[in-house]
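First the structure, in the form of structure tokens, and then the observations on it.
The values are calculated or read from the model by the stated rules, or taken from the named source; none is laboratory data. Because the structure is predicted, anything quoted here is derived from the model rather than measured. We place every Cβ from the backbone using ideal geometry, glycine too, and count neighbours over all the protein chains shown. What goes into the accessible areas is simple: the full protein's heavy atoms, side chains included, and nothing from ligands, DNA or RNA. Shrake-Rupley method; radii C 1.70, N 1.55, O 1.52, S 1.80 Å.
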Amino acid sequence: MQIQLPTEVQNCSNFVNNAFVAGAGEPLIIYSPWNGQKVGESRCSTKGDVDAAVSAASAAQVAWGETPIKERTKVMFNFREILLRDLEKISQIVAAENGKTPIEARAGVMKGVEVLEYAISLQNLDLGGKMEVSRGVHCEYRREALGVIANITPFNFPVMVPMWTIPIALTLGNAYIWKPSEKTPLASMWLANSLKEAGLPSGLFQVLQGGKETVEAIIDAPAVKAIGFVGSTKIAKMVYERATALGKRALALGGAKNHIVLLPDANLDLCGAGISDSFTGCAGQRCMAASVVLAFGDVEKHIAKIIERAKSQVLGQDMGAIITKEQVEFLNKAIDRAEKNGAKVLLDGRKTPAPKGMEEGYWIGPTVLDHVKPGSEAASFELFGPIVSIVRCQTIGEAMKIENEVEYGNACSVFTSSGVHAERVIQSAKAGMVGVNVGVPVPREPFSFGGINASKFGHGDITGAHSLDFWTNIKKVTTKWEPQSDQNWMS
Ligand code: NAD
């Protein structure tokens, strides 16, 4: 599949009350990481834009919340058909604005469809509950929508991350306000248009473009009851603190530094592909990318396999671009600093040439650093690029101590053929998602996605079965209809 960059600049606006309208704030320019060319333009949303969208969403939500889930789900069935019909077009937009390869962009949309399928199944899954708790007395719980909820999303998955929450929150009866990343807002137009075509009533899905100012106005809007956020740890913490200070429900997913414990008994092929694809996939710009290999014992042939696989990745074909020129410069300098700090560069992405015709784009090749010191920048801080740091360890205990001391807690994997070693890592990892012989241990629906520590602020999860309580209130109802002649102390 070839990348098809848009032939003209895409106009990207807000989507309010089923219409595309420009925000009243500063202009936003969108560049394609493939060639550095302008592919879209938009405008930020002011507080006035936000308040108008939230107020319309609030009015629209009342009838939607009262609509039976079976009817709400019909819209989601239609939405799925439309996304599958337009899969190639949507994927090309994602690839163009984000720098992903078309195959990766397509996979991201399909992961979104997976969540959509889970949301469609809710009508048959979440039955509520009722029982007689005493003579003639029944207790029941009912799930009720919160009202208007908002989600703020990062650049690295322009469709997949928003789709973690859009289908579930809407199916549960909420109105949805979305603030996409200002770096990758184009795909939001496709999703908005698709929901409109699917028959979602006006006002229930509002898209507001912008950055910090727009986010703050969304959090502060009194009618917004819950905030979902996905992005860097620094901003996740700020968003969480601002929302909870206002007494709102918030779940803010942050950055990551994911560890892979590599043991000598690991299957060579599993680990070569699993670890290499984990740090090179999406050019390392995913919160589940492997970034540190904790290598224990004689694993030289395993490392050779990882390098062989990473070396074979052709830029522009197997591996995409980096989101901005500034980020490429940051990554190059981070490799320089690691080298000065004693790391050995086994595979050097600084020198990898850009694909032909894409020289103005933002590129760096896969990079493998060996003998990285625990606690150093390359071992502890999120770099967000196709760089893996190997830290040599004397024992599994030492490896797990290093993993435990990093502030993040998104993912950790182990490559081994020993169940005993695998179980030890599963039990001692300080991470929300753990894998065994899997480089990217992303749980599939209905298993919820989410880390711990500085990778997530708030309780619960924003996807899967554990998200249902976040996007709804549980109303407990106790009823009694008949006066009872046979009353006893339990009645
Ligand atoms: P980011 O934090 O820069 O931006 C995320 C969102 O926050 C964007 O919509 C942006 O407009 C908004 N924002 C930026 N500055 C803000 C401010 N000062 N106040 C309020 N809002 C602000 O993140 P990014 O660079 O777009 O995405 C990459 C990061 O996201 C990485 O750290 C990655 O690990 C993380 N991420 C985490 C997960 C997860 O599930 N934990 C998933 C994907 C990405």
Handout entry: For the chain, alpha-carbon Rg over 2.2 N^0.38 Å
Key = 1.04
Problem - Under the Karplus curve 6.51 cos²θ - 1.76 cosθ + 1.60, θ = phi - 60°, whole-Hz ³J(HN,Hα) for region 457-463, x wherever Gly or Pro sits - result: 10, x, 10, x, 9, 9, 10
Exercise for the section: Name the long-range amide H neighbours of Val293: under 5 Å, sequence gap of 5 or more, or other chain; modelled H, no Pro or chain starts. Expected result: Ile260, Ser389, Ile390, Val391
Problem - Most to least accessible of Leu263, Leu270 (protein chains only, probe 1.4 Å) - result: Leu270, Leu263
Practice task
Specify the angular offset, from 0 to 90 degrees and rounded to the nearest 10, of the alpha carbon long axis of helix 186-198 from the longest principal axis of the alpha carbons in the chain.
Solution key: 30 degrees
Exercise for the section: Determine which residues of region 323-357 fall in the zone a paramagnetic label at Lys311 would reach in this model, i.e. backbone nitrogen under 11 Å from the point 7 Å along Cα→Cβ. Expected result: 347-348
Practice task
Could you pull out every residue, at least 5 positions away or on a different chain, whose amide H is within less than 5 Å of the one on Val436? Hs are placed 1.01 Å off N in the peptide plane, and Pro or chain starts have none.
Solution key: Val414
Fill in the blank from the handout: Reduced to Cα centres, the span from region 309-327 to region 142-202 in Å works out to 29 Å
Problem - Loop-located chymotrypsin sites (Phe, Trp or Tyr not before Pro) in region 417-464 whose Cβ has at most 15 other Cβ within 10 Å (DSSP) - result: Phe447
Problem - Neighbour count of at most 13 Cβ within 10 Å plus DSSP loop: longest trypsin sites (Lys or Arg not before Pro)-free window in the chain - result: 136-355
Exercise for the section: Using just the helices of the chain, give the 222 nm mean residue ellipticity in deg cm²/dmol: DSSP H runs with n ≥ 4 each add -39,500 (n - 2.57), and the total is spread over all residues, rounded to 500. Expected result: -12000 deg cm²/dmol
Practice task
List the GluC sites (Glu not before Pro) within region 326-368 that fall in a DSSP loop (any state other than H, G, I, E or B) and whose Cβ has at most 11 other Cβ atoms within 10 Å.
Solution key: Glu359
Problem - In order through region 132-138: 3J(HN,Hα) via Karplus (6.51 cos²θ - 1.76 cosθ + 1.60), integer Hz, x for Gly, Pro - result: 7, 9, 7, 4, x, 10, 10
Practice task
Output the pairs from Lys179/Lys356; Lys179/Lys311; Lys212/Lys325; Lys333/Lys430; Lys311/Lys344 with a Cα-Cα distance over 27 Å in this structure; if there are none, say none.
Solution key: Lys179/Lys356; Lys179/Lys311; Lys333/Lys430
Problem - Per-residue HN-Hα couplings for region 321-334 [Karplus 6.51, -1.76, 1.60; θ = phi - 60°; Hz; x = Gly/Pro] - result: 9, 9, 4, 9, 4, 4, 5, 4, 4, 4, 5, 4, 5, 5
Practice task
For region 397-441, just the Cα set please: Rg and Dmax, both in angstrom.
Solution key: 9.8, 29
Handout entry: Relative contact order, percent, region 29-146 [alpha-carbon distance under 8 Å, six or more residues apart]
Key = 23 percent
Practice task
Take the solvent-accessible surface of the protein heavy atoms, probe 1.4 Å, and return the percent of it on region 48-177 that carbon and sulfur atoms account for.
Solution key: 56 percent
